[in-house]
1. Pick from THR65, THR20, THR75: which is polar (S, T, N, Q) and open to solvent by less than 20 Å² (accessible area, probe 1.4 Å)?
2. Looking at the range 188-211 only, could you name the residues that are part of a helix (DSSP H, G or I), hydroxyl-bearing (Ser, Thr, Tyr) and farther than 15 Å from VAL331 by Cβ?
3. Within the range 61-68, is even one residue touching a Gly at 6+ places or on another chain (Cβ under 7 Å), among the aliphatic types (A, V, I, L, M) and touching a residue at least 12 places away in the same chain (Cβ under 8 Å)?
4. So ASP274 passes all but one of these: (1) over 20 Å from VAL330 (Cα atoms); (2) not in a loop (DSSP other than H, G, I, E, B). Which condition number does it fail?
5. Looking at the range 130-148, is at least one residue farther than 24 Å from ALA73 by Cα and open to solvent by less than 10 Å² (accessible area, probe 1.4 Å)?
6. If I ask for residues that are touching a residue at least 24 places away in the same chain (Cβ under 8 Å), surrounded by 15 or more Cβ atoms within 10 Å (Cβ to Cβ) and part of a loop (DSSP other than H, G, I, E, B), which ones from the range 23-46 would you list?
7. For GLN172, indicate whether it is part of a helix (DSSP H, G or I) and surrounded by fewer than 24 Cβ atoms within 10 Å (Cβ to Cβ).
8. Just one of ALA283, ALA185, ALA279 is buried (at least 20 other Cβ atoms within 10 Å of the Cβ), among the small types (Gly, Ala, Ser) and part of a helix (DSSP H, G or I); which is it?
Amino acid sequence: MNPYVLAILLSSLGLGTTLTFASSHWLLAWMGLEINTLAITPLMAQHHHPRAVEATTKYFLTQATAAAMILFASTTNAWVTGEWSINDLSNPVASTMFVAALALKIGLAPVHFWMPEVLQGLDLLTGLILSTWQKLAPFALIVQTAQTIDPLLLTLLGATSTLVGGWGGLNQTQLRKVLAYSSIAHMGWMIIVIQYAPQLTLIALGTYIIMTSAAFLTLKMSLATKISTLATTWSKSPVLASTTALVLLSLGGLPPLTGFMPKWMILQELAKQDLPLIATTMALTALISLYFYLRLCYAMTLTVSPNTTNSSTPWRTQTTQASLPLALFVVSTLGLLPITPAILMLTA
């Protein structure tokens, strides 16, 4: 892609998200979301592959539907209350419609079906932008309006997403689909606690972005998009294979790694709010998610690459990728658990 065009598209992505962050008016927020969608569409279709074009079309249709629902919800709210302010979402019909639209935007269950299909059709870097940056603007709107939304609806969305995210990833052989289901499960963790402690949602979102970036960049470095290719990583680069395994375990939320921190704090908050049943359900769904991360780690580090693999095995990792972002994200993914007390003090 032409570097000038790429610079314009990436600037538009930044502009759309910033516009939504800074707006207190529904139309400005909607405009920011639309700029975001229109800026990422050419990035998704840049390879001119049928799968990429199909993924772009699916993404555009779902995002356009969600944007139309947001516009309809905000117009309904303004019609009833006479207010266009984001913080004044007092009409229950508009608020429910608005949550449904934002759930569709970020891929929460049960409106998550587009997410694995779209991510599977993209290359890893565009998939990284879709899984991280594109979540920021809708989440800003959800955080602003969380107190006016029905708590039962948020709890149902969160619990369903963690369950679907764990269940859906179990039978996958494509790594991008696994990461899509992982994303759905993490979104569920953030949504379930947003009504009680929005600052924990922001911490969970930050750690999710760090861990997902590390996962996508390590897979990009090892040129792996499916489990059978991942099995050949050990012979090419043992250090990279070990790093990828640890990053995946961090995504699963194992204790010595960064991924354990948000889950621990969210479970603690749910227990504090006298919701032991929901906390137990969330912990059990985290175990389902952990299973498929362990499956990837097993395939990568504890099995010898099978001779029936169809892909040729390069003996050196050929990549032009800058290693500094990868190193920073990996270190953050593996070693931020000790600063949990500092983060708790900042959010208190």
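The values are calculated or read from the model by the stated rules, or taken from the named source; none is laboratory data. Source: prediction; values computed, not measured. All Cβ positions, even for glycine, are placed from backbone atoms using ideal geometry, and neighbour counts span all protein chains on display. We work out accessible area using only protein heavy atoms, side chains counted, and drop any ligands, DNA or RNA first. Shrake-Rupley method; radii C 1.70, N 1.55, O 1.52, S 1.80 Å.
1. THR20
2. Selection gives THR201, TYR208.
3. Looking through the range 61-68, none of the residues is touching a Gly at 6+ places or on another chain (Cβ under 7 Å), among the aliphatic types (A, V, I, L, M) and touching a residue at least 12 places away in the same chain (Cβ under 8 Å).
4. (2)
5. For the range 130-148, residues farther than 24 Å from ALA73 by Cα and open to solvent by less than 10 Å² (accessible area, probe 1.4 Å): present.
6. Correct list: SER23, GLN46.
7. Against the criterion (part of a helix (DSSP H, G or I) and surrounded by fewer than 24 Cβ atoms within 10 Å (Cβ to Cβ)), GLN172 does not qualify.
8. After ruling out the rest, the residue left standing is ALA185.
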